[in-house]
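Since the structure comes first, as structure tokens, the remarks are kept for the end.
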Amino acid sequence: MSSSSASFPSFTQGLSLVAPLAVLLLASCASSPSASPAARARATPGGTVSVSDWGAVDGKPVHLWTMRNGKGMEATVTDYGTIVVSLKVPDASGNVADVVLGRESAEEYVARTQYFGCTAGRSANRIAGGKFTIDGRQFTLATNNGANHLHGGVKGFDKVVWSGESSMTAEGPSVTFTYRSADGEEGYPGNVDAKVVYTLTGANELKVNMSATTDAATCVNLAHHSYWNLSGHDSGDILGHMLMLPARDYTPVDATLITTGEIKPVAGTPLDFTVLKPIGRDFAALPATKDDPGGYDHNFILDRVQQEDGLWLSAILMDPASGRMMEVWSNQPGIQFYTGNFLDGIPGKDGAVYQKNGALCLETQAFPDSINKQGKTGWPNVVLRPGQTYEHNMVHRFVMAPGNS
């Protein structure tokens with residue numbers, strides 16, 4: 001799925017090569033994947049997983065699981081909100097950095113999570129007015145973003161304690177979290193049994209597999225919400241990172257960030273990331289307003305052009321400073337690109353303080369407020385019914401950027 005087998009120019013040769021580099025990246029992803037499924041399995045030397053106590057939330061014990069893959073990567077996850085607390089990734093010289101934002105303790109996540117590293121649900125992103133209708137019956141949800149419902153409500157999937165269990169798989173160490181969301185929780189109908197599985201593979205991939213079943217028709221649209229900074233969580237802003245999104249269209253929003261139901265092309269707008277470009281290049285075209293600090297917070301419609309193992313390329317993120325590159329693959333129709341616009345001096349790990357644009361999110365998902373756009377051309381179905389299984393699969397694959405390997 002990656003581009004390591006091709007020959008690429010160095011980043012130091014200048015940004016004039018950005019467009020051809022993106023073309024080469026896409027071509028190599030299609031024709032020269034760095035490892036077939038069988039090869040990735042063979043690349044796994046084993047790895048380890050351990051668990052430790054991490055306090056309590058709502059009177060329930062909270063734990064930390066640490067997965068190591070034997071290739072220099074280490075992921076720490078917790079049963080509170082299924083949060084990825086840290087993800088340590090080496091660069092070409094073997095220097096390791098924690099590339100996700102986070103807090104020092106479970107208590108600090110309770111005080112203010114900012115959705116760092118969590119599973120957002122039952123429905124990620126915004127639902128207009130906190131209301132939707134299924135089969136002629138209207139449901140009213142908790143509103144926690146002005147008049148709208150955001151990321152599952154006041155106490156969504158990110159703010160509850162899940163049940164966790166670790167295992168060693170053919171791909172590497174893994175932790176499985178399960179949670180039953182009761183009928184009526186945050187206003188949603190039906191009992192929903194949700195599962196989130198994190199696996200750290202020997203091919204330096206963090207896999208996230210989310211699934212859910214229900215006993216009554218309901219809305220389910222889960223998203224993984226890590227904040228990424230490939231230079232390290234405490235390294236400053238991400239405006240120098242380079243991003244490619246294989247998405248020719250996006251879903252416009254109104255002043256309250258609710259999707260209008262339109263689908264528009266990114267061509268000729270600051271939202272065009274169809275070729276690799278610095279995130280900060282067109283940032284000035286997205287200025288602050290009275291209620292919005294400015295920056296990217298948009299859902300893109302994925303083209304699904306490059307596919308492998310039932311997933312499609314959803315993003316390529318590069319950090320010229322460290323040489324780290326992350327590919328995102330998923331089976332979802334959209335991806336929310338958010339540049340940490342509301343970070344405002346939040347205390348983080350290791351004494352870090354997270355300021356605006358200190359990280360970015362790449363949240364694969366169904367389009368925001370899809371539940372209120374059912375039947376509109378081009379919009380996905382987010383109604384889950386008894387007998388069906390919701391499945392959302394992601395791969396975050398780390399390789400060295402061209403010129404740094």
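The packing ranking, built from the mean of other Cβ atoms within 10 Å per residue, places the peptides 381-389, 160-168 in the order 160-168, 381-389, highest first. Phi angles of segment 313-323 translate, via the Karplus equation with coefficients 6.51, -1.76, 1.60 and θ = phi - 60°, into HN-Hα couplings of 4, 10, 5, 10, 10, 10, 10, x, 5, 9, x Hz per residue; Gly and Pro are given as x.
One decimal place: the segment Thr269-Ala56 gains 72.0 nm when fully extended, by the rule 0.36 nm per residue minus the C-alpha distance.
With a simple spin-label model that places each label point 7 Å from the Cα along the Cα-to-Cβ direction, the separation between Ser167 and Ala255 comes to 5.2 nm.
Computing Cα extents along the principal axes in Å for the structure here picks out one of [x] 58, 49, 41; [y] 75, 56, 39; [z] 92, 53, 49, namely [x].
Taken over segment 302-405, the convex hull of the Cα atoms encloses 167 Å³ per residue.
Taking trypsin sites (Lys or Arg not before Pro) across segment 273-311, the ones in a DSSP loop with at most 11 further Cβ atoms lying within 10 angstrom of their Cβ are Lys290. Result for the chain in a Gaussian network model with C-alpha springs under 10 Å: among Gly153, Gly345, Gly94, the largest mean-square fluctuation is at Gly94.
To the nearest 500 deg cm²/dmol, what mean residue ellipticity at 222 nm is calculated for the chain from DSSP H runs of n ≥ 4 alone, each contributing -39,500 (n - 2.57), summed and divided by the residues? Each step should come with its number before you reach the end.
On the way: 3 runs with 26 residues, N = 405.
Here the helix-only value at 222 nm equals -2000 deg cm²/dmol.
The three principal axes of the C-alpha atoms in segment 259-353 carry coordinate ranges of 40, 35, 22 Å, sorted with the longest axis first. Comparing Asp215, Asp183, Asp58 in a Gaussian network model of the chain (Cα springs below 10 Å), the most mobile by mean-square fluctuation is Asp58. For the pair Ala288 and Arg385, how long in nm is the line joining their label points, each one 7 Å along Cα→Cβ? Between Ala288 and Arg385, the label points sit 4.8 nm apart. Within the listed set Asp249, Asp79, Asp53, the residue fluctuating most in the Gaussian network model of the chain (springs between alpha-carbon atoms under 10 angstrom) is Asp53.
Among Ala217, Met242, Pro380, whose Cα projects farthest towards the positive end of the dipole of the chain, with charges put on the beta-carbon of Lys, Arg (+1) and Asp, Glu (-1)? Farthest along the dipole direction, towards plus: Pro380.
A simple rule links phi to the HN-Hα coupling: the Karplus curve 6.51 cos²θ - 1.76 cosθ + 1.60 with θ = phi - 60°, which for segment 248-262 gives 8, 9, 9, 10, x, 10, 8, 5, 9, 6, 8, 4, 7, x, 7 Hz, with x for Gly and Pro.
Where the only charges are on Cβ atoms (+1 Lys, Arg; -1 Asp, Glu), what is the dipole of the chain about its Cα centre, to the nearest 20 debye?
480
R0 = 22 Å: FRET efficiency of Asp350 with Glu107, Cβ-based, nearest 0.05? For R0 = 22 Å, the calculated efficiency reads 0.85.
Each reported figure results from applying straightforward, stated rules to the coordinates on display, with no laboratory input. On a predicted model such as this, the values are computed, not experimentally measured, just so you know. So basically every Cβ, Gly included, is an ideal-geometry build from the backbone, and we count neighbours across all protein chains shown.
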